[in-house]
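**Student:** Dropping a structure here in structure tokens format, bear with me for questions.
The values are calculated or read from the model by the stated rules, or taken from the named source; none is laboratory data. Note that the coordinates shown come from a computational prediction; the quantities given were computed from them, not determined experimentally. Neighbour counts are summed over all protein chains in view; Cβ atoms, including those assigned to glycine, are modelled from backbone coordinates with ideal geometry. Please note that ligands, DNA and RNA were not included when accessible areas were found on the heavy atoms of the full protein model with its side chains. Shrake-Rupley method; radii C 1.70, N 1.55, O 1.52, S 1.80 Å.
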Amino acid sequence: SYEIGDMIAIMRPGYRHVGIYVGPHKLDGSCVIHNCKGKGVILSTLNDFADNSPVIIQQRATGDFFEREAIAQRALSLLGTKYDLFQFNCEHAATTAQSGVARSPQIIGASLLALFAIGLALFAAKKA
């Protein structure tokens, strides 16, 4: 089961979408803060976040009740922040809420892969 402050995830074609579980809130049932392309950071129900996909725990929140509540409050403070794939995507929002530092491992991985592919192409062109 999810606990307040946990980073949860669903798989989408080609990427993983993450959010922060904030527990019962203004909406019915359990709620999640997540950053969506075209909408920005929003509060939605767990069912809406899942969108018929299995939800996994990406990163458990550590700490006591008060530290978990602080994560939820940081997540809620991000509501309305605009989405930006490279500067502030769903991972940036979730890691900011959990640790105070915005990171996106998926973007870093994709960037490294792109640099590697460019390097290979340049090497192949030089050999030709």
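**Student:** Considering every residue within the stretch 115-122, establish whether at least one is modelled with pLDDT under 75, of a type in the set (A, V, I, L, M) and open to solvent by 100 Å² or more (accessible area, probe 1.4 Å).
**Tutor:** Yes, the stretch 115-122 contains a residue that is modelled with pLDDT under 75, of a type in the set (A, V, I, L, M) and open to solvent by 100 Å² or more (accessible area, probe 1.4 Å).
**Student:** Specify the residue that is modelled with the lowest pLDDT; the eligible residues are those in the stretch 24-46 that are closer than 16 Å to SER77 by Cα and open to solvent by 20 Å² or more (accessible area, probe 1.4 Å).
**Tutor:** Kept after step one, since they are closer than 16 Å to SER77 by Cα, are these residues of the stretch 24-46: 25-26, 31-36, 39-44.
From what is left, the residues that are open to solvent by 20 Å² or more (accessible area, probe 1.4 Å) are 25-26, 36, 39, 42-43.
Working: HIS25: 69, LYS26: 65, CYS36: 95, LYS39: 96, ILE42: 96, LEU43: 94.
Checked the stretch 24-46; the qualifying residue modelled with the lowest pLDDT is LYS26.
**Student:** Taking the stated definitions as given, is SER77 out of contact with any Ser or Thr (no Cβ under 7 Å at 6 or more places or on another chain), surrounded by fewer than 19 Cβ atoms within 10 Å (Cβ to Cβ), hydroxyl-bearing (Ser, Thr, Tyr) and closer than 21 Å to PRO13 by Cα? Even if it seems obvious, please write down each step before you answer.
**Tutor:** Values: out of contact with any Ser or Thr (no Cβ under 7 Å at 6 or more places or on another chain): yes; surrounded by fewer than 19 Cβ atoms within 10 Å (Cβ to Cβ): yes; hydroxyl-bearing (Ser, Thr, Tyr): yes; closer than 21 Å to PRO13 by Cα: no.
Taking the combined requirement at face value, the residue does not satisfy it.
Quick grid of which residues meet (1) over 15 Å from GLN58 (Cα atoms); (2) out of contact with any strand residue (DSSP E or B) (no Cβ under 9 Å at 6 or more places or on another chain); (3) in a strand (DSSP E or B); (4) of a type in the set (A, V, I, L, M, F, W, C):
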position: MET11; (1), (2), (3), (4): no, no, yes, yes
position: HIS17; (1), (2), (3), (4): no, no, yes, no
position: ASN35; (1), (2), (3), (4): yes, no, yes, no
position: LEU43; (1), (2), (3), (4): yes, no, yes, yes
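**Student:** Looking at the stretch 47-63, which of its residues are in contact with a Leu (Cβ under 9 Å, 6 or more places away or on another chain) and open to solvent by 60 Å² or more (accessible area, probe 1.4 Å)?
**Tutor:** So in the stretch 47-63, the residues in contact with a Leu (Cβ under 9 Å, 6 or more places away or on another chain) come out as 48, 55.
Scanning the stretch 47-63 gives a single hit, ASP48.
**Student:** For the stretch 54-68, state whether one or more residues are within 11 Å of the chain's Cα centre (by Cα), modelled with pLDDT of 90 or more, within 21 Å of GLU3 (Cα to Cα) and among the β-branched types (Val, Ile, Thr).
**Tutor:** Going through the stretch 54-68, the residues within 11 Å of the chain's Cα centre (by Cα) turn out to be 58-59.
With the extra rule that they be modelled with pLDDT of 90 or more, the set shrinks to 58-59.
From what's left, within 21 Å of GLU3 (Cα to Cα): 58-59.
Applying the additional criterion that residues be among the β-branched types (Val, Ile, Thr) yields none.
So far as the stretch 54-68 goes, no, none of its residues is within 11 Å of the chain's Cα centre (by Cα), modelled with pLDDT of 90 or more, within 21 Å of GLU3 (Cα to Cα) and among the β-branched types (Val, Ile, Thr).
**Student:** Would you confirm, using the coordinates I've provided, whether GLY19 is more than 16 Å from the chain's Cα centre (by Cα) and either open to solvent by less than 20 Å² (accessible area, probe 1.4 Å) or within 20 Å of GLY100 (Cβ to Cβ) (or both)? Walk me through it before giving the result.
**Tutor:** Working: more than 16 Å from the chain's Cα centre (by Cα): no; either open to solvent by less than 20 Å² (accessible area, probe 1.4 Å) or within 20 Å of GLY100 (Cβ to Cβ) (or both): yes.
It is false that GLY19 is more than 16 Å from the chain's Cα centre (by Cα) and either open to solvent by less than 20 Å² (accessible area, probe 1.4 Å) or within 20 Å of GLY100 (Cβ to Cβ) (or both).
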